[in-house]
Amino acid sequence: MIAQPTQISLVAGSGEGSDEATASEQAWKGAGLTGASLLPLQSGLLRGVRPAPLEPIHFGQLMPALSAHHGSAVVGERIAAAVALGLDSRGQGVVRAVAGPGDADSQVAEAERRVKSALRAHGLPLKEMHVAQAEHTVRERGCVVAAAVLWTDVREREPDWATEAWTPHVHCRFRVRERLFTARSAFQRIDIVDTVEFGRMLLLDHTVQTTERDEWAYHEMLAWVPLMVHPHPKRVLIVGGGDGGLLRAVLACPEVEEAVQVEIDRLVVEACKEHLSELSRGAFGDPRARVVYEDAFTFLERVGEPFDVALLDTTDPIGPAERLFTAEFYGRVAGALGEEGVAAAQSGSPWFQPEVIARSVSAMQSGFPTVRVYLGSVPAYPGGLWTFTLGSRGRDPLSVPEAELAERFQSLQQEARFFSPQVYRAAFALPPFVRSLLPQDPNP
Ligand code: SAM
């Protein structure tokens, strides 16, 4: 669930030899990297990176590096290289490497200057700058100084594992049996893999979205809790949810007459229909379902007939989903709902994403008079314990009568594997540490 930044380290070293390859190798050894094969990567805009301290490097671990070389045949000449990384507060940034005659200070200054001007060009304010440098005096003919950005990102280099970084220091790895689909859409990198323990799994930008093993625990709670809060849920809006699991859960309710799903990325839906069909189980072909391929933020500018329930099954608040975690978006969601309208959103892990919960609750409170947080359990997500935030324009979830829950559950009982009327009640009981994460306690 968490799109954690790629970790990188900056290194620099120098070496000398009769050709660039020999000198390069020495340069890398000088930076403490042995047996490494370097893949050059063009200097570019990085999204969501965080520098990590340089750890011991093993052979094969060095994946793509950005290098700067300067060859010189002038014995006694002083040459230097520097690599600089500038980041904004969200961990987006640029990296530049330079090498040439002079001392390290001048190369560092040049690398920093290039980083600042590139950041300006991308409209990113500089929050932190990281630099590595190397200096060298030419002893014989042929010399290279090299500087590199080192990706210590395990996710790219281990095809047998699907790895999600829950934090820079906690990674979760799922053994992959087969890689079924990999593509980069206009919005994100999409992977569908078959894992040994969790079955087929969808990852977007290396972040686990859903798995065959536990998807029902997530989708039942995101769909059926708010559907029970609304007394007569006929029209349902789904935001995101490209895998189709939520659509299936919504359409399992016989009261639902129409489900409109607004998904920004058509490729996610197409890939999931082909490789993850166990989730949607034909729901995309249900006559009550309609999929609109659009950014939900703009879709909600012009909604006609009001919805009864809106379900937000989006990626984390970075990239295309960033605007979906704002008060402005929740205002639009509330405006698209009828008088008794109910909205619910997945709102992250209390262990690993406390800020997402606080943000979702605040945003929901700006659009809805009643806001409640409830819990579920999704083992493939960070920490397993999961939060959902519900906003209601009508009924308080805590006031739904027992008899009504029991009666409406009857039509779902066949399919239910996580949800039950008892689980519905229990889900609103929050441990004190979860309560303490909320801006204003919505479950007093
Ligand atoms: N259960 C998942 C989770 O929380 O990890 C979410 C699954 S679903 C695959 C998330 C979907 O939200 C993705 O397919 C993504 O394309 C979609 N999405 C992201 N931003 C969006 C936007 N602005 N409008 C509509 N859909 C969006």
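So if we plug the beta-carbon distance of SER277 and LYS29 into 1/(1 + (r/R0)^6) with R0 = 51 Å, what FRET efficiency do we get, rounded to 0.05?
0.50
What FRET efficiency would be calculated for the residue pair GLU415, HIS169, taking the C-beta separation as r and a Förster radius of 41 Å, to the nearest 0.05?
Efficiency for this residue pair is about 0.60.
I need GLU16, GLU322 ordered by Cβ neighbour count within 10 Å, fewest first.
Fewest-to-most ranking of GLU16, GLU322: GLU322, GLU16.
Please label the shape of region 160-211 as rounded, prolate or oblate, based on the square roots a ≥ b ≥ c of the eigenvalues of the alpha-carbon gyration tensor (a/c under 1.5 means rounded; beyond that, a/b larger than b/c means prolate, else oblate).
oblate
May I ask for the net charge around ARG393, where only other residues with Cβ less than 12 Å from the Cβ of ARG393 are counted and Lys, Arg are +1 while Asp, Glu are -1?
-3
Multiplying the sequence separation of ARG120 and GLU305 by 0.36 nm and subtracting their Cα-Cα distance, what value in nm do you get?
Result: 62.2 nm gained on full extension.
How far, in nm, would the chain grow between ALA403 and ARG113 when pulled straight, counting 0.36 nm per residue and subtracting the alpha carbon separation?
Additional length available on full extension: 97.5 nm.
Residues in region 362-389 near a label at ASP396, defined as backbone nitrogen under 17 Å from the 7 Å Cα→Cβ point?
365, 368-374
Assigning unit charges at the beta carbon (Lys, Arg +1; Asp, Glu -1) and nothing else, what dipole magnitude in debye, to the nearest 20, does region 371-411 show about its Cα centre?
180
Which peptide among 77-88, 263-274, 297-308 comes first, and what is the full order, when sorted by highest mean count of other Cβ atoms within 10 Å?
Top of the packing list down: 77-88, 263-274, 297-308.
In debye to the nearest 20, how big a dipole does region 238-312 give about its Cα centre with +1 on each Lys and Arg Cβ and -1 on each Asp and Glu Cβ?
Value, rounded to 20: 160 debye.
Gain in length, ASP88 to SER436, computed as 0.36 nm per residue apart minus the alpha-carbon separation, to one decimal in nm?
Full extension from ASP88 to SER436 adds 122.4 nm.
Apply the Karplus curve 6.51 cos²θ - 1.76 cosθ + 1.60, θ = phi - 60°, to the phi angles in region 287-297 and return the couplings in whole Hz, x for Gly and Pro.
Along region 287-297, the couplings run x, 7, 9, 9, 10, 10, 8, 6, 5, 4, 4 Hz.
Taking H placed 1.01 Å from N in the peptide plane, check which residues at least 5 places from SER377 or on another chain put their amide H under 5 Å from its amide H.
When sequence neighbours closer than 5 places are left aside, the close amide H contacts are TRP386.
Within 10 Å, count the other beta carbons around each residue, average over each peptide in 340-346, 101-107, and list them highest first.
Taking the mean over residues of other Cβ atoms within 10 Å, the ranking is 340-346, 101-107.
Within region 308-341, whose backbone N sits under 13 Å from a point 7 Å along Cα→Cβ of GLU257?
Residues 308 fall inside that zone.
I need the calculated FRET efficiency for the pair GLU128 and GLU178, taking r as the beta carbon distance and R₀ as 45 Å, to the nearest 0.05.
For R0 = 45 Å, the calculated efficiency reads 0.65.
As a footprinting exposure proxy, order HIS232, HIS206, HIS70 by other Cβ within 10 Å, with the fewest listed first.
Least crowded to most crowded, the residues run HIS232, HIS206, HIS70.
Please list 3J(HN,Hα) in residue order for region 213-218, calculated via the Karplus relation 6.51 cos²θ - 1.76 cosθ + 1.60 where θ = phi - 60°; whole Hz, with x for glycine and proline.
5, 10, 4, 5, 5, 6
Can you list the lysines whose alpha carbon is less than 27 Å from that of LYS116, not counting same-chain residues fewer than 8 positions off?
LYS127
If a/c stays under 1.5 just call it rounded; otherwise compare a/b with b/c (prolate if a/b is bigger, oblate if not). Do that for region 267-420, with a ≥ b ≥ c from the square roots of the Cα gyration tensor eigenvalues.
rounded
Could you sort the peptides 367-374, 421-428 by per-residue average Cβ neighbour count (10 Å cutoff), highest mean leading?
My ranking of the peptides, most packed first, is 367-374, 421-428.
Would you calculate the separation in nanometres between label points at ARG78 and SER106, each defined as 7 Å from the Cα along the Cα-to-beta-carbon direction?
Placing both labels 7 Å beyond Cα along the Cβ direction yields 0.9 nm.
All of the numbers you see were taken from the coordinates with simple rules; none came from a lab. The structure displayed is predicted, hence computed values, not measured ones. Backbone-built Cβ (ideal geometry, glycine too); neighbour counts: all protein chains shown.
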